[in-house]
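A quick write-up on the structure given underneath.
The values are calculated or read from the model by the stated rules, or taken from the named source; none is laboratory data. The model shown is predicted, which means the values in this text are computed figures rather than measured ones. Note that we place each Cβ from the backbone using ideal geometry, even for glycine, and neighbour counts take in every protein chain shown. Calculation scope for accessible area: heavy atoms of the full protein, side chains included, ligands and nucleic acids excluded. Shrake-Rupley method; radii C 1.70, N 1.55, O 1.52, S 1.80 Å.
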Amino acid sequence: MLRPIPVVMRMLACLAAALALMPAPAAAQTSSLYSNLANPAIGMNALFSGTAARNLDRAYGLHFDEAEISLISVVDPYWTLVSNIVFTQGAVDPEEVWARSTNIPAIQLKLGKIRGTFGKQGLLHTHAFPFVESPIVMVNTIGEEGFKAAGAEAAWLTPLPWYAELTGGVYEPTGPDGDHPLDLGSTRHDNVPFLGHLKNQFDLDDATTLEVGESYLQGRGGDGVRRAALGADVTFRNVPPRNSNRGGWILMGEYIQKGSSAGGSFVREEDGGYASFQYRLSQVWWAGIRGEAARNSVADFMVDGAGAPLAGAVRRGAANIAWMPSEFSFVRLEYSHARANRGVHRDDDRVMVQMSYTIGYHPAHAY
Amino acid sequence: MKSSLKCVSLLLLGLLATSPARADLKVATSLTDLASVAQFVGGKHVTAQSLCRGFEDPHFVPAKPSLMKSIQNADVFVSVGLELDGGWLPLVLPGSRNPRIQPGAKGFVDASEGVTVLEKPIGTVSRAEGDIHPLGNPHYYLDPKALEVVAHHLADAFSNLDPANAADYAANAKAFDEKMDASLEKWQKQLAPYKGTSIVPYHRNFIYFAERFGLKLFTTVEPKPGIPPSPHHIADLADAMKKAGVTVVVYQPYYNADASHEVAKRAGGVAVEVASEVGGVPAATDVFTKFDSVVSTIAGALAGKAGSR
Ligand SMILES: [Zn+2]
C-alpha cells in the first residue's frame, strides 16, 4: 500500500517542475476583443450527503448529490434570462432555463424550461429544502423536485388590496418518468397540459405572515385519459424585525392529490401531505420537525421480497438540526422514522447528514 | 357559479375604479433614510415610504410578497445601491410587476451614484473575510454630506418624471443642503472634544460617520462581517480595548445587544444603542433627528455619562 507513493511523488515533482518552467500566461484579459463586463451573475451550489439506512441496499458513506450552476443576466431591455443547470453523477439536467419579462404591468411572463408554479415544496431548489428528504407525497404526485416542464406562465398580481397572485401556465406534454409521476404525455394535438395557481399572502402583524395557496394541474396521459393533480398549502412565518437574522419560525402544511378520470368521473389515486415546524435557535442554528402521511404511495424502503416497489399507506416523522455559519454553507443532521402497511420492511429508521456549499452569486431565496 | 364569477369581476372593476387620486409621485425606497430625504426634496408633491423599517437590519429584509404588493403602483424606487439591498431587491422589484421602477427605467434610482464610496475592496474579493460588501461600504447614509448628494440626485430624478414641479424639487434640495450644513456644524462642535478617539461598532457601518466626525473605528464586535462573535473573540476584543483605553461600543437595534454589552462590561466601558437608520430609535424621526440622536448618544458615552445596561 505504501510502495507506490514514491513513484507518485516523483511524478508530482516532475509536474510541478514542468509547470514552473511554463511561460507565465497573460495576467488579465482586459485588452481582449471580447469584453467580459456583461458576464452573467454566476453561482454554484454543491450538495453532499451521507445516509445510514438499514433497509436500503446502498453502501454507507458520503455521496455526491448534485452541483447546481446558476447563470442569471439581463438579456436586453425586455428580457432577463435565468438558468439552473444541475449536474449529478453521470447526468446533466437543464432544470430551469427561462426568460422573464417585467415590461407588462401587473403580469410577469416566464417562458422556457420552468418549474411550474405548483404548491410550496415543489418550488424549492434542492439546497433550499427544509429537510434532507423530499416529502413522500411529492415523488408520488407531481415529482420529487416539483413539476418541471417546458412551457409558459403568466403570473398576474391582482389589484386586490393584499398580495393575491393568479398564475396560469401551459406546458409541453410530459411524463410519465422518474421526474414526472403524473402522466401528461399524450401526443394528441389537443393535449395542452395547463396549470392554475392562486397565492395569497397577508401580514398578520409586524413579524408574522400567512400564505395560502391552491394549485391545479391537468392534461391527458399517454392512454388519452384526463389526469390531474391538485394541491393546497398554508404557511405561517415569523421573522421578528429586530432579530431578522437570528430568530423566527416557519409553520407549514401542504396536501397534494393525483388522480384521473378514466370512467368519466375523477378518481383519486395517490395523495398525501405533510406539516412541518422550523425554528431558528440563533444566527447559525435551525431545528425542525416534520410529520407526513401518504396513501397508495411508494417510498424507497417499500419493496416486496424481490425488491420491487410496493404502494401502500405510509407515515413518516423527521427531526433535524442545521448549522449555518453563513448564508453560503450549512451542515445538517436528520433522523427519520417511517412505518408502511406493505412490504418486507414495515418500519424504517435512518440518519442522514447533508452538506451544502455555495460560491459566487447566491440568488436570493423566495420568502 | 356564473353569478359568483360576475361578483368577482364587479369587485375587481370596483377596485380598479376606486384607486385613490394620486399624489404627484409615489416614491418607495429601500431604506428609511432615503424615504426621509425623498420626502424633504419632494415636499407636498411626493409621498415616500421605505420597505425596510428603521429597526430592521437592512442586510436581511425578508422578501415578503406584501412588500412587492406595496410598490406595485410606485412611480419611483430609490435603492441604497452598493448591494446593501442585494439580498432581497432582486426578488421584490420584479415581484412588484411594476415596469416603471425596474432598473433601467426612469423610475429606478440608485442613490449611491455620485457618493464617494469608502472601503472599496482592492485586489480580490474573498468571502474568507466574511459576507463583505464587494462594491465598497454601502452605509454612506451615516455621512450627512453624502445625503446632500442623494438629495440632489433625487431632485433630478423627480424633475425628470414630473417636470412641472422641477423648480420646487431644486429649491427643496438646496434647502436640504442649507439645513444639513447648519446641523453638521452643530454636530461637529458636539463631537469636537473627542477627535481621534476610538469607538467599537458592532458592524463596519460607522466608517462614514467616523471619517466625517474625526473618530476612529478600533475594530468591530463581529469578528468579520456577518459572522457572530464567539466568546473567545469577545474576551480578546475586551482585552485589546482595555489595553488601548477604548471604552465605547456602539450597536444598532437589530444587532446582538448582549454581545455588545458583554464586550463593554469586560473592557470597563459602555455599550450604547444607536440608530444608524431613521426610525431605529423613537427619537430618530427623520435624517436630522437621527443625527441629533446618534451624535448626542455617542458624545454622551464618550463623556462617560451613559451607563452600561
Ligand atoms: Zn454592512
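Listed values, structure above:
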item	result
Accessible carbon and sulfur surface of the stretch A:56-280 relative to its total accessible area, %, 1.4 Å	60
Choice from B:Y194, B:Y208, B:Y169 showing the highest fluctuation, given a GNM over chain B with Cα pairs closer than 10 Å	B:Y194
On Cα atoms only, tilt of B:32-42 relative to the major axis of chain B in degrees	50
Within-12-Å neighbourhood charge of A:P363 [Cβ basis; K, R +1; D, E -1]	-3
Candidate lysines for bridging to B:K224, where Cα separation is under 29 Å - those fewer than 8 sequence places away on the same chain excluded	B:K64, B:K120, B:K145, B:K195, B:K216, B:K242, B:K243, B:K265, B:K290
The stretch B:94-147 and the stretch B:204-250: distance between their alpha carbon centers, rounded to Å	24
Dipole in debye (nearest 20) - the stretch A:159-308, about Cα centre, beta carbon charges: Lys, Arg +1; Asp, Glu -1	280
Cα lying deepest toward the dipole's positive end in the stretch A:280-354, options A:I289, A:A322, A:Y335, charges on Cβ	A:I289
Shielding by partners - mean other protein chain Cβ count within 10 Å, residues of A:357-366	3
For the stretch B:168-176, Karplus couplings with θ = phi - 60° (6.51, -1.76, 1.60), whole Hz, Gly/Pro x	4, 4, 5, 5, 5, 5, 5, 4, 4
Ranked by how many other beta carbons lie within 10 Å on average, peptides A:192-200, A:293-301, B:231-239 from highest	A:293-301, A:192-200, B:231-239
222 nm mean residue ellipticity, helices alone, for the protein assembly as shown (DSSP H n ≥ 4; -39,500 (n - 2.57); rounded to 500)	-7000 deg cm²/dmol
Distance from the stretch A:237-315 to the stretch A:93-154 (C-alpha centre basis), Å	17
Peptide B:279-291 - average C-beta neighbours from other chains (10 Å radius)	0
Low-density loop positions, trypsin sites (Lys or Arg not before Pro), the stretch A:26-104 - DSSP coil, at most 11 other Cβ in 10 Å	A:R54, A:R58
Dipole moment magnitude, nearest 20 debye, the protein assembly as shown about Cα centre, only Lys, Arg, Asp, Glu C-beta charged	720
Among A:A308, A:A228, A:A99, residue whose mean-square fluctuation peaks in a GNM of chain A (springs only between Cα atoms under 10 Å)	A:A308
Per residue accessible area in Å² of the protein assembly as shown, where ligands, DNA and RNA are left out and the probe is 1.4 Å	46
Mean Cβ neighbour count within 10 Å, used as a protection proxy, ranking B:33-43, B:56-66, B:176-186 highest first	B:33-43, B:56-66, B:176-186
C-alpha long axis of helix B:287-302 to longest principal axis of chain B, angle in °	10
Euclidean distance of C-alpha centroids, the stretch B:66-88 and the stretch A:39-72, integer Å	34
Candidate aspartates and glutamates - alpha carbon under 13 Å from B:K174, same-chain residues fewer than 8 apart omitted	B:E148, B:D156
Assigned charges on the beta-carbon of Lys, Arg, Asp, Glu; the stretch A:56-280 dipole about Cα centre (debye)	380
Dipole axis of the protein assembly as shown (+1 Lys, Arg; -1 Asp, Glu on Cβ), positive-most option in B:L82, B:S260, B:V27	B:S260
Solvent-accessible area buried by pairing A with B, both sides, nearest 100 square angstrom, 1.4 angstrom probe	3200
Coil-residue chymotrypsin sites (Phe, Trp or Tyr not before Pro) of the stretch A:37-103, DSSP, other Cβ within 10 Å capped at 16	A:Y60, A:Y78
Radius 9 Å from Cβ of A:N55, net charge of other residues (Lys, Arg +1; Asp, Glu -1)	-3
Net charge over other residues, Cβ less than 12 angstrom from the Cβ of B:S159 (K, R count +1; D, E count -1)	-3
Within a Gaussian network of chain A (alpha carbon springs, distance under 10 Å), most fluctuating of A:L184, A:L217, A:L251	A:L251
Cβ-based charge dipole, chain A, positive-most Cα from A:A299, A:T117, A:S101	A:A299
